[in-house]
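Student: Quick one: structure below, then a few questions.
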Amino acid sequence: MVHGTFALLKPQARNPAARIALLAAPWLALLALWYAVRASGLINPSLVPAPHAVFLKFIALAQDRLALDIWMSTRRVFVGVFLGVLAAVPVGFAIGWYRGVHSFLDPLINFFRALPPIALIPLVIVYFGIGEAAKTAILFYASFFAGVIVMVEGIGQISPIYVQVSRTLGANDAEIFAKVIVPLAVPHILTAVRVALGVAWATLVASELIAAQQGLGALIQNASSFFQLDIIYVGIICIGLIALAMDLALRAATRRLVAWQDRIA
Amino acid sequence: MTPVPALDTQPMVALPSFPVRLRLESVHVDFPAANGPMRVVDGIDLDIRQGEFVSIIGPSGCGKTTLLNIVAGFVKPSSGRALLDDAPIEGPGPDRGVIFQEYGVFPWLTVRGNIEFGLRLAAARVSGAQRTEIVDRYMALMGLADFADHHPKHLSGGMRQRLALARAYAVKPEFLLMDEPFGALDAQTRTAMQDLLLQVLATEGKTVMLITHSVDEAIYLSSRIVVVTARPARVRTIIDVPFGYPRDEAVHEDPRFALLRAHIRTLVMKEYEAQARQAAATE
């Protein structure tokens, strides 16, 4: 719903042609910038593959290994984020809700959250080996800590009035949890998933440093050893597009599930 | 203090034979503050009988809401006792419906969902058919039937307040504790809601404690008015309202209405002045 004066901040095109143009605009601008950087000579043109060259490489890879790479990476991210958020929701809830738990766990969470997943790879290899478990562990790690922060803040800002009101209507503790806290937590769980997904895709390349044969990260690692910039570009663009697609899907689901929220955007 | 001329002080609703349901006995409340505990309520004694409508009126920030919170069960007295049917009040419950100043309507539920919330709880024990009937009735009463499937984000402030009222009425509490429930409404809606409240009380019989800033509202609705001092809250005076129930608009024309209003206004103004002197003294 677009309200009053805020409508001015959010241009909404009327006809479908204009709408498509607005959607395509940022990407076309990026493409133009890409060509411009090459043409300007600011960076050595041999270090910046042309967009059409990258596209041709994409076609070539698509006929070869790309589908498998995409599948492997997407699956890893999925599993890592799923497990990470599954753990983050109850832990984040407990920290946000119970003062004692907060005092105890919060400093620990912040300590471990600060550790970059890349730095942990040697330890992960030692404890998990070099199989799928190791790669998933890194992604789980990144997703879990991203999710916990979102949950803690979200639960913490639930207004006490809703609990008070429900008590005056006769709700017991179990009912308050199920009928008041859970609905209020849903938007935060969805945000936790979105953030965890973003972090996981960003960590994917690091996780696939652990001796991965297939995967977009592996593709990029491989290509970088042979200085095949066009393949690197293909890999990075694929990661970006898939992550974007997942995020858009999640946002659409959020809009549906949390239609009741009064929001600016 | 000018004596109030010839008011009939016989309470029309709660005869002395009606049992005392709520009792505040030497209630003191201290809240922690930056430089030591702050006394918010200072020795309040108040008895409320079955069927009474008691309004509490006094300057802003004097502790009226704290009094309501004690009866609601959100705050325990620092000393003294708060009793419901001679038992100490332990916490909130569906027997004491509360209308909060901030409404607290559940944003994730529709209008219908909000009103039926209390009826879906284990404590309610109503069947599905009964529930629908009750919800429809109060939705219609509050003029919200057209918005049954809308979420609160589509409602104006006044409509949200009406939703909060419908939600509280639906569980048929014995006591209604209302914290400036009509403050956010325009004059027209305010009058309509006041009349609706009287209508609900006439058919359902409750004991009400109302906090208000409006002297007119207090006189129109109540059987007794408690004027409270500036912080820390003490009872300044208790005034019996001489009009019976059921009441209607005509009561505004009664000469005693104007006299009462003038009298109570003077008392409340004196408390505002006391509060201002207090504030000046602490600067």
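The values are calculated or read from the model by the stated rules, or taken from the named source; none is laboratory data. Predicted model only: the values in this text are computed from it and were never measured. Quick note on the areas: whole protein, heavy atoms, side chains included, nothing else; ligands and nucleic acids left out. Shrake-Rupley method; radii C 1.70, N 1.55, O 1.52, S 1.80 Å.
Student: Enter the mean projected area of the convex hull around the alpha-carbon atoms of the protein assembly as shown, in nm², rounded to one decimal.
Tutor: For the protein assembly as shown, averaging the hull's shadow over all directions gives 36.0 nm².
Student: Moving on. Using alpha carbons only, how many angstrom separate the centre of region B:155-204 from the centre of region A:11-85?
Tutor: Centre-to-centre distance over Cα atoms comes out at 57 Å.
Student: Any chance you could check region B:59-85 for residues losing 20 Å² or more of accessible area when the partner protein chains are in, compared with the chain on its own (1.4 Å probe)?
Tutor: B:F74
Student: OK, next. Sorted by accessible area with a 1.4 angstrom probe, largest first, how do A:I20, B:I56 fall?
Tutor: A:I20, B:I56
Student: If you roll a 1.4 Å probe over the protein assembly as shown with all protein chains in place, what percent of the accessible area is carbon or sulfur?
Tutor: For the protein assembly as shown, the apolar C and S fraction of the accessible surface comes to 62 percent.
Student: Work out, in µm²/s and without decimals, the Stokes-Einstein translational diffusion coefficient of region A:1-156 at 37 °C, 0.692 mPa s, Rh from Kirkwood over C-alpha pairs.
Tutor: The calculation lands on 161 µm²/s.
Student: Another one. Taking the Cα atoms of chain B, what is the range of coordinates along each of the three principal axes, in descending order and whole Å?
Tutor: Computed over chain B, the largest-to-smallest principal extents equal 56, 48, 40 Å.
Student: Report A:I189's accessible area, 1.4 Å probe, all protein chains in place, as a number in Å² to the nearest 10.
Tutor: 50 Å²
Student: A further question on this structure: Please name the residues of region A:151-181 whose accessible area, counted over protein heavy atoms with a 1.4 angstrom probe, falls by no less than 40 Å² between the chain alone and the full protein assembly.
Tutor: A:I161, A:Y162, A:Q164, A:V165, A:R167, A:T168, A:L169, A:G170, A:E175, A:K179
Student: Would you kindly calculate the translational diffusion coefficient of region A:164-206, applying Stokes-Einstein with the Kirkwood radius from alpha carbon pairs, for 37 °C and a viscosity of 0.692 mPa s, and quote it in µm² s⁻¹ without decimals?
Tutor: 264 µm²/s
Student: For region B:152-283, just the Cα set please: Rg and Dmax, both in angstrom.
Tutor: 16.5, 51
Student: Find, to one decimal place in angstroms, the Kirkwood hydrodynamic radius of chain A, where the mean of 1/r is taken over every pair of different Cα atoms and then inverted.
Tutor: 21.5 Å
Student: So how much accessible area does B:E102 have, in Å² to the nearest 10, using a 1.4 Å probe?
Tutor: Using a 1.4 Å probe on the heavy atoms, I get roughly 120 Å².
Student: B:K206: which lysines have alpha carbons under 19 Å from its alpha carbon, excluding same-chain residues fewer than 8 sequence positions away?
Tutor: Output for B:K206: B:K172.
Student: In Å², rounded to the nearest 100, what is the total accessible surface buried by chains B and A against each other with a 1.4 Å probe?
Tutor: 2100 Å²
Student: Using a 1.4 Å probe and counting only protein heavy atoms, arrange B:K270, A:K135 so the residue with the most accessible area comes first.
Tutor: These residues rank, largest area first, as B:K270, A:K135.
Student: If you count only protein heavy atoms and use a 1.4 Å probe, how large is the accessible surface of A:F128, to the nearest 10 Å²?
Tutor: 110 Å²
Student: When the distances between all Cα atoms of region A:49-105 are binned every 5 Å from zero, what whole-number percent does each bin get?
Tutor: Percent of pairs per bin, in order: 4, 16, 12, 11, 10, 10, 8, 7, 7, 7, 7, 2.
Student: Another one. Thinking of region A:135-242 as a set of Cα atoms, what percent of all their pairs are more than 25 Å apart?
Tutor: The proportion of pairs with Cα distances above 25 Å equals 44 percent.
Student: I would also like to ask the following. Please calculate how many Å² of accessible area chain B carries per residue, with a 1.4 Å probe and no DNA, RNA or ligand atoms counted.
Tutor: Value returned for chain B: 43 Å² of accessible area per residue.
Student: B:T237's amide H: which non-local residues (gap 5+, or another chain) put their own amide H closer than 5 Å, with H modeled 1.01 Å from N in plane and none for Pro or chain starts?
Tutor: It is B:V227, by chain and number.
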